[in-house]
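Written below as structure tokens is the structure these notes are about.
The values are calculated or read from the model by the stated rules, or taken from the named source; none is laboratory data. All values reported here derive from a predicted model rather than from experimental measurement. Methodologically, a virtual Cβ is constructed for each residue, glycine included, from the backbone with ideal geometry; neighbour enumeration extends over all protein chains shown.
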Ligand code: PLP
């Protein structure tokens, strides 16, 4: 059996499951990013089991996993501390619909790590968390417009599925069918790291903007750090205009250190949205911020938000165990050291085989862009060669390394990756680069 493109991999069972899936699950996948559309189509690999740094697919192939489920699995799969927390919680009932002590302790843990979240509310996904911060910013300021940065992904609620126009600062056009243009008109999009464009947008619409939504370090068109002073200027200009600053730390929180980008860079937003890692692999989201703003949330205030599953004992227990494990000394140093070793070798192999790449890294997360140019914004990421990435992705898959199936995603290291896994991956990169045809 071969997957499209002539790369040898036995995936017969994945192929037949995919045919069945296509019949009953739309597109065969429960999230479009799991399909292989961005890497030239073909059968997505159906996984059967995951343990530590590895996946095993339905045909018995093993892969070293750098997807980490698009970010949450920072401790690797089936980490014993998380697994036993889930099992123990499940035995005591999975959902109460009442408050629990666990929720308080977990909220306290989050606030201790990210003090700008003076008050917190748990929800079920990053999408919900961000969506609610937007509603809250609107409720608090009495304004309607939202400013976001091009290429940043903030979940799939209407307001944030709005694309960038081509100009330096444009009102949005819907990025998805089904979003009214009246909603898209409430969104202003400017390029990331372009403080001039931001200033221009603030000058034009400042008094109508409720909130400025920022990934304080981008994880959604690959890893792109903020330029020096970018976040400070965003804070300053937004606040001068009377707008709130919302940090979407769904990807970044607890990834690079025990806290958020805001605590790492020592800069505070008004509101923060969390997700992914804080659930230890179970569904979760959380939002929070200054008490004065959070006071607007029901039942305290007039802004409504609720959730049947919110703060459920399983997600809270898994998240608590995950953060406890991440708080151990040396965890982030180890992730950083592996990221450094792997990225250094990838750069040197690219050089050796004459392949132009740009590698952006922060700690244990990095993106390999097939371009010779620096990548500091969405346009830069778009200009990376998608065809070359697709070749690379398929060679790596055949070598037993699972990367996210898109040139816009990051490689995520986990605490389960061993030095041997890193060496295995370096050999896979070497063989893949050798076979690639630019
Ligand atoms: N915000 C950011 C920065 C994300 O990366 C994501 C998911 O990839 C989301 C929000 C949405 O989170 P979820 O998929 O849990 O709804």
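Only a single criterion out of (1) part of a loop (DSSP other than H, G, I, E, B); (2) more than 16 Å from the ligand (Cβ to nearest atom) is not satisfied by residue 317, namely (1). Selection of the stretch 283-308 for residues being within 11 Å of the ligand (Cβ to nearest atom) and surrounded by fewer than 24 Cβ atoms within 10 Å (Cβ to Cβ) yields only 283. In the condition set (1) more than 30 Å from residue 227 (Cα to Cα); (2) not assigned by TED's automatic domain parsing to the domain that holds residue 213, residue 305 is compliant with all but (2). Of everything in the stretch 136-149 that's part of a helix (DSSP H, G or I) and over 15 Å from residue 272 (Cβ atoms), which residue is nearest to the chain's Cα centre (by Cα)? The extreme case among them is 138. From the list 355, 346, the one residue that fits, being part of a helix (DSSP H, G or I) and in contact (Cβ under 8 Å) with a residue 40 or more places away in the chain, is 346. Annotation note: of 263, 272, the sole residue that is away from the ligand (no atom under 12 Å from the Cβ), in contact (Cβ under 8 Å) with a residue 12 or more places away in the chain and not in a loop (DSSP other than H, G, I, E, B) is 263. Taking the stretch 218-248 as the range and being touching a helix residue (DSSP H, G or I) at 6+ places or on another chain (Cβ under 6 Å), assigned to a loop (DSSP other than H, G, I, E, B) and buried (at least 24 other Cβ atoms within 10 Å of the Cβ) as the test, the residues that pass are 221, 222. From the list 60, 52, 97, the one residue that fits, being in the same structural domain as residue 15 (by TED's automatic domain parsing) and surrounded by fewer than 17 Cβ atoms within 10 Å (Cβ to Cβ), is 60. Look at the stretch 423-438: where a residue is farther than 14 Å from residue 63 by Cα and a partner is surrounded by fewer than 17 Cβ atoms within 10 Å (Cβ to Cβ), sitting 6+ places away or on another chain with Cβ atoms under 7 Å, you get 433/353; 434/353. Residues that are within 13 Å of the ligand (Cβ to nearest atom), in the same structural domain as residue 267 (by TED's automatic domain parsing), farther than 19 Å from residue 278 by Cβ and part of a strand (DSSP E or B) are absent from the stretch 163-185 altogether.
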